[in-house]
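Undergrad: Can you keep this structure in mind? I'll have questions shortly.
The values are calculated or read from the model by the stated rules, or taken from the named source; none is laboratory data. A quick note: this is a predicted structure, and the numbers were derived from the prediction, not measured. Neighbour counts run over all protein chains shown; Cβ positions are idealised from the backbone, glycine included.
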Amino acid sequence: MLQRYLFRFITVILFQVFSFSLVRAQAPVTYTGADIQQAIAKLNVVGTALYVAAHPDDENTRLIAWLANEKLLNTGYLSLTRGDGGQNLIGPEIREQLGVIRTQELLQARRLDGGKQFFSRANDFGFSKDWQETVRIWNKEQVLADMVWTIRKFRPDVLITRFSPEPGGTHGHHTTSAILAVEAFSAAGDKNRFPEQLKTVAVWQPKRILWNTSSFFYGQNQKFDETGKVIVDVGEYNAALGKSYGELAALSRSMHKSQGFGSSGARGSAIEYFENLKGDKATKDLFEGIDLTWKRVPGGEKISQQIVKINANFNAAKPAASVPELLKLRLALQALPAAYYRDLKLTELDTIIKACLGLYLEAVAAEPTSNPGAPLPLTIEAINRSDIPVQWQKMTVLPTGKDSTLNINLANNQPLVLKSKLQIPATTPYSQPYWLQKPGTTGMFRVDDPNLIGRPENAPAATVVCAVTIGMQPFTFTLPVVYKRTDPVAGEVYRPFEITPPVFVSMREKVFVFADDQPKPVTVRVKAGQATVAGDATLAVPTGWRVEPARLPFKLTQKGEEINFTFTVYPSKNQSDGELRATALVDNKTYQQSLVQINYTHIPTQTLLPVASARVTKLDLKIKGHQIAYLMGAGDEVAASLAQIGYSVTMLQDADLNAKDLTKFDAVVLGVRAYNTHDQLKFLQNQLMDYVKNGGTLVVQYNVNNGLVTNQLGPYPLTLSRDRVTDETAPVQFLNPQHPILNSPNKITAKDFEGWVQERGLYFANSWDKNYEAVLTAHDPGEPAQNGGLLVAQYGKGYYVYTGYAWFRQLPAGVPGAYRLFSNLLALGKK
């Protein structure tokens, strides 16, 4: 029996705005006196820096923390991709779902280190050894346009790349990010490049672009030369934060949990090196020759003097005492001509004044989701925790635009709770992440609205705009509508409010594999997204396939209620594949969205609405030995895929790895990265080897060579490397065509390596004992053969297999040849 392996948690996360004020996700932000004083000091720094790299987790969090909190600069990180092509150490999500997780992890990191987050439309299609391959798969001009757009909007004085623009020695995405950054550096200031952007933004030319280099980028045989490099110590201690920037950076980097990047804080001097790439050269300081004061803003000299005075007189115990002078500063800023920094600092100042007042504003929906055209009760809370007069004049609920005139004085520490109702317009779009709303390509997401490009996530599905008067000045504060509940253990738990369809359809599996001509039951789940919904469920099949019945009626009375229907799918006569698509027909409207919710404690709950489809494959397949044991590693769907083709799969825990208990299984399979994630395997390795010695078959999928719990992965020595074959179309040759793996029970041919996705394999072995036999060889264009992707050794009466081929991608994708070859691995030694 297959036991599903899922990591799921209640969503409770940390959030940061000015410095290190942490509250739960989606909750209104509150500030300490130290936070506010840090923000006031930042008002007097007029400068911006933008860090550029390829993926989530590429960024230098220590440098970003130092720029944002020590230099008090407007600091951003542009990640060209969302990390969809990586692996996942915390759960089974890959591709688009992993990209959503890594997007939120980046946002959490920025909330901790003080930076802002941007993205391009580039899709992380997986590891690339060659930057030229990267720009062939990405749409280079679109990615470059997105980078120019971000530069023109964010207006950085200095651009910093994580990687060198010189090709070689790293991920192709890495090199491409730097090459395009250098090109974007010049293009952003050229009115002839991407002129369509100039309807919204102006050209902008940064002062310089530098490479944030280090000895890490030089080989063991190369000496790191500091000559000509800008040297900066970013290891200072910030008393207001109570942390060094190394400690703050570790908290930020530890948000990349899906990649296993938990980090320890560092204290003391920390040197960063920078190499000039283009623009005015710096020698001692990243911002040489750049005026970071209000002198760069016409009429701004007096502004600086006001800020200095406010900061000097600020009392962290009584922040409201600074509000009168802050209001004078606001009038002075408003009197300046409209400009980038004038508007930016006005936004920052409004938040500071709100923080000084202890002004708490919150809009909470009665439910976490609602539907277009439906009414939604709201609860709005407001409290002014100061003696400064605050009048709440008007409230506007969006997207309806409904106004309510209030004219209510918010007395000191007297809470006000209002009830309202949001009538959601029937045309309101669903809360699907904007970059996933329309199909893209292998290399690019499709985003039709140019104003969305660069944004890390969707705008809130609904907002409440509060017009208030403070000291006779009008303010506008926009509140995202959120949902919260009280958990008996976690207390207040927040999540985003979202717009969803009135009904969802889904299938339990993503792939249905038919190993013979027998029909299979396919369960379609219908879930109510609103109270009282009725219609018909259908299941479409490819040409040449057949489904019974044609449709099934349903009626659900309560929101969240579910019903399962079983359709019988008959496969085609010959080997073929295609798509199943589930549909709900309600009031002559077709709904095909499924509901996917991603819940982890370190990020807000994420809701995705993908089309309810599944790949269907008819295979020419034989299997030997049906009882399979599976020990999950970092998380994959291989076990579920094996169950699809008739294996009986038992999920193991560490305590189950006892040789006498394993003898009933025809084969034992270790999931991806098992030796990176199961500490107990270093103690249980002998039991696994005894199982092999006594006649069992053990299949070990890829492990990362760094961080192994034991170096003794097999019965004989073998060494893992970082070698991989990234081209999924790379030819695969047979080193021993007579080997049982290639012949029994399925005859493997070159055709079985067609249709593979993303990559052939990764973390191949690069040296091994003579008792192992290499069965396959493949290589990327222009590279030497990689023979260490599939090693087999006979040990005692059984067989041991190490395989770096990417089964965790191929089997869930329904690749026919991958199923045939993996079945042969499991059949080793079976008569």
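Undergrad: Just checking, does region 351-358 include any residue being within 30 Å of Asp157 (Cα to Cα) and among the charged types (D, E, K, R)?
TA: Of all residues in region 351-358, those within 30 Å of Asp157 (Cα to Cα) come to 351-355.
Filter once more, keeping what is among the charged types (D, E, K, R): 354.
Looking through region 351-358, at least one residue is within 30 Å of Asp157 (Cα to Cα) and among the charged types (D, E, K, R).
Undergrad: Of the residues Glu93, Glu105, only one is assigned to a loop (DSSP other than H, G, I, E, B), in contact (Cβ under 8 Å) with a residue 12 or more places away in the chain and under 23 Å from Trp435 (Cα atoms); which? Talk me through it step by step, then tell me what you get.
TA: Values: Glu105 fails: assigned to a loop (DSSP other than H, G, I, E, B).
That would be Glu93, the only listed residue that is assigned to a loop (DSSP other than H, G, I, E, B), in contact (Cβ under 8 Å) with a residue 12 or more places away in the chain and under 23 Å from Trp435 (Cα atoms).
Undergrad: Go through region 362-384 residue by residue and tally those that are within 16 Å of Tyr483 (Cβ to Cβ) and part of a strand (DSSP E or B). Give the derivation first.
TA: Here is the first cut: in region 362-384, the ones within 16 Å of Tyr483 (Cβ to Cβ) are 362-371, 374-381.
If we keep only those that are part of a strand (DSSP E or B) too, we end up with 362-365, 369-370, 375-381.
Number of matching residues: 13.
Undergrad: Hey, another quick one. Mind listing whichever residues of region 545-567 are over 10 Å from Thr532 (Cα atoms), in a strand (DSSP E or B) and touching a Lys or Arg at 6+ places or on another chain (Cβ under 9 Å)?
TA: Quick first cut of region 545-567, residues over 10 Å from Thr532 (Cα atoms) only: 545-554, 560, 562-567.
Still in the list and also in a strand (DSSP E or B): 546-548, 551-554, 562-567.
Correct list: Glu562, Ile563, Asn564, Phe565.
Undergrad: Against the definition (within 24 Å of Gln592 (Cβ to Cβ), exposed (fewer than 15 other Cβ atoms within 10 Å of the Cβ) and either in the same structural domain as Ala584 (by TED's automatic domain parsing) or free of Cβ contacts under 8 Å to residues at least 12 places away in the same chain (or both)), how does Lys527 come out, yes or no? Talk me through it step by step, then tell me what you get.
TA: Details: within 24 Å of Gln592 (Cβ to Cβ): yes; exposed (fewer than 15 other Cβ atoms within 10 Å of the Cβ): no; either in the same structural domain as Ala584 (by TED's automatic domain parsing) or free of Cβ contacts under 8 Å to residues at least 12 places away in the same chain (or both): yes.
In short, no.
Undergrad: Filter region 166-181 down to the residues that are assigned to a loop (DSSP other than H, G, I, E, B) and in contact with a Pro (Cβ under 9 Å, 6 or more places away or on another chain) and list them by number.
TA: The initial filter retains those residues of region 166-181 that are assigned to a loop (DSSP other than H, G, I, E, B), namely 166-171.
None; the set is empty.
Undergrad: Looking at region 182-196 only, could you name the residues that are assigned to a helix (DSSP H, G or I) and within 23 Å of Gly47 (Cα to Cα)? Give the steps one after another, and end with the answer.
TA: Of region 182-196, the ones assigned to a helix (DSSP H, G or I) are 182-187, 195-196.
Selection gives Val182, Glu183, Ala184, Phe185, Ser186, Ala187.
Undergrad: Now for a separate question. Looking at (1) out of contact with any Phe, Trp or Tyr (no Cβ under 7 Å at 6 or more places or on another chain); (2) under 27 Å from Gly443 (Cβ atoms), find the lone condition where Asp233 falls short.
TA: Answer for Asp233: the failing condition is (2).
Undergrad: Sticking with this structure for a sec: Is there any pair linking a residue in region 756-783 that is surrounded by fewer than 17 Cβ atoms within 10 Å (Cβ to Cβ) to one that is among the acidic types (Asp, Glu) and outside any loop (DSSP other than H, G, I, E, B), with Cβ under 9 Å and at least six apart or on different chains, and which?
TA: These pairs meet every condition: Pro781/Glu133.
Undergrad: Out of curiosity, is Phe665 free of Cβ contacts under 8 Å to residues at least 12 places away in the same chain and more than 31 Å from the chain's Cα centre (by Cα)? Don't jump to the end; show me each part of the working.
TA: Working: free of Cβ contacts under 8 Å to residues at least 12 places away in the same chain: no; more than 31 Å from the chain's Cα centre (by Cα): yes.
The answer is no for Phe665.
Undergrad: If you scan region 530-541, which residues turn out to be over 30 Å from Leu376 (Cα atoms) and surrounded by fewer than 16 Cβ atoms within 10 Å (Cβ to Cβ)?
TA: Filtering region 530-541 for residues over 30 Å from Leu376 (Cα atoms) gives 538-541.
Hit for region 530-541 is Ala540, nothing else.
Undergrad: Looking at (1) touching a residue at least 60 places away in the same chain (Cβ under 8 Å); (2) surrounded by fewer than 19 Cβ atoms within 10 Å (Cβ to Cβ), which one does Lys191 not meet, given that it meets all the others?
TA: (1)
Undergrad: If we scan region 146-165, do we find a residue that is part of a helix (DSSP H, G or I), without any contact (Cβ under 8 Å) to a residue 60 or more places away in the chain and more than 27 Å from Ala270 (Cα to Cα)?
TA: Kept after step one, since they are part of a helix (DSSP H, G or I), are these residues of region 146-165: 146-154.
Narrowing further to those that are without any contact (Cβ under 8 Å) to a residue 60 or more places away in the chain: 148, 152.
Subset that is more than 27 Å from Ala270 (Cα to Cα): 148, 152.
Yes, that holds for at least one residue.
Undergrad: Taking the stated definitions as given, is Ala813 surrounded by fewer than 23 Cβ atoms within 10 Å (Cβ to Cβ) and either within 22 Å of Gly829 (Cβ to Cβ) or touching a residue at least 24 places away in the same chain (Cβ under 8 Å) (or both)? Even if it seems obvious, please write down each step before you answer.
TA: Values: surrounded by fewer than 23 Cβ atoms within 10 Å (Cβ to Cβ): yes; either within 22 Å of Gly829 (Cβ to Cβ) or touching a residue at least 24 places away in the same chain (Cβ under 8 Å) (or both): yes.
In short, yes.
Undergrad: Say we look at region 196-236 and pick out the residues that are among the hydroxyl-bearing types (Ser, Thr, Tyr) and more than 21 Å from Thr61 (Cβ to Cβ); which of these is surrounded by the most Cβ atoms within 10 Å (Cβ to Cβ)? Walk me through it before giving the result.
TA: Our first condition is that a residue be among the hydroxyl-bearing types (Ser, Thr, Tyr); within region 196-236, this holds for 200, 213-215, 218, 227.
From what is left, the residues that are more than 21 Å from Thr61 (Cβ to Cβ) are 200, 218, 227.
Values: Thr200: 11, Tyr218: 13, Thr227: 4.
Among residues in region 196-236 that are among the hydroxyl-bearing types (Ser, Thr, Tyr) and more than 21 Å from Thr61 (Cβ to Cβ), the one surrounded by the most Cβ atoms within 10 Å (Cβ to Cβ) is Tyr218.
Undergrad: So which residues in region 796-820 are within 16 Å of Leu762 (Cβ to Cβ) and of a type in the set (Phe, Trp, Tyr), if there are any at all?
TA: Selection gives Tyr802, Tyr805, Trp807, Phe808.
Undergrad: I've got another one for you. Could you tell me which of the residues Lys682, Lys664 is in a helix (DSSP H, G or I) and surrounded by fewer than 18 Cβ atoms within 10 Å (Cβ to Cβ)? Give the steps one after another, and end with the answer.
TA: Details: Lys664 fails: in a helix (DSSP H, G or I).
Just one listed residue meets the conditions, Lys682.
Undergrad: So which residues in region 332-358 are among the acidic types (Asp, Glu) and either out of contact with any helix residue (DSSP H, G or I) (no Cβ under 7 Å at 6 or more places or on another chain) or surrounded by 19 or more Cβ atoms within 10 Å (Cβ to Cβ) (or both), if there are any at all?
TA: If the condition is that a residue be among the acidic types (Asp, Glu) and either out of contact with any helix residue (DSSP H, G or I) (no Cβ under 7 Å at 6 or more places or on another chain) or surrounded by 19 or more Cβ atoms within 10 Å (Cβ to Cβ) (or both), then Asp343, Asp350 are the ones that fit.
Undergrad: For Tyr630, work out the one condition from (1) buried (at least 17 other Cβ atoms within 10 Å of the Cβ); (2) in a loop (DSSP other than H, G, I, E, B) it doesn't fulfil.
TA: Result: Tyr630 passes all but (2).
Undergrad: Please verify whether Gly172 is under 25 Å from the mean Cα position of the chain (by Cα), at pLDDT below 95 and more than 27 Å from Trp66 (Cα to Cα), treating the condition exactly as stated. Show your work before the answer.
TA: Values: under 25 Å from the mean Cα position of the chain (by Cα): yes; at pLDDT below 95: yes; more than 27 Å from Trp66 (Cα to Cα): yes.
Taking the combined requirement at face value, the residue satisfies it.
Undergrad: Would you mind finding the one in Asn736, Asn705, Asn676 that is part of a loop (DSSP other than H, G, I, E, B) and either under 37 Å from the mean Cα position of the chain (by Cα) or β-branched (Val, Ile, Thr) (or both)?
TA: Working: Asn736 fails: either under 37 Å from the mean Cα position of the chain (by Cα) or β-branched (Val, Ile, Thr) (or both); Asn676 fails: part of a loop (DSSP other than H, G, I, E, B).
Every option except Asn705 fails the conditions.
Undergrad: Just to verify a result, which residue in region 142-171, among those that are in contact with a helix residue (DSSP H, G or I) (Cβ under 9 Å, 6 or more places away or on another chain) and aromatic (Phe, Trp, Tyr), is surrounded by the most Cβ atoms within 10 Å (Cβ to Cβ)?
TA: My answer is Phe163.
Undergrad: Do any residues in region 472-492 that are at positive phi and among the polar types (S, T, N, Q) have Cβ atoms under 8 Å from those of residues that are in a strand (DSSP E or B) and surrounded by 14 or more Cβ atoms within 10 Å (Cβ to Cβ), where the two are at least six apart or on different chains, and which pairs are they?
TA: none
Undergrad: Suppose we keep only residues that are closer than 23 Å to Ala145 by Cβ and basic (Lys, Arg) within region 108-128. Which one would you say is surrounded by the fewest Cβ atoms within 10 Å (Cβ to Cβ)?
TA: That would be Lys116.
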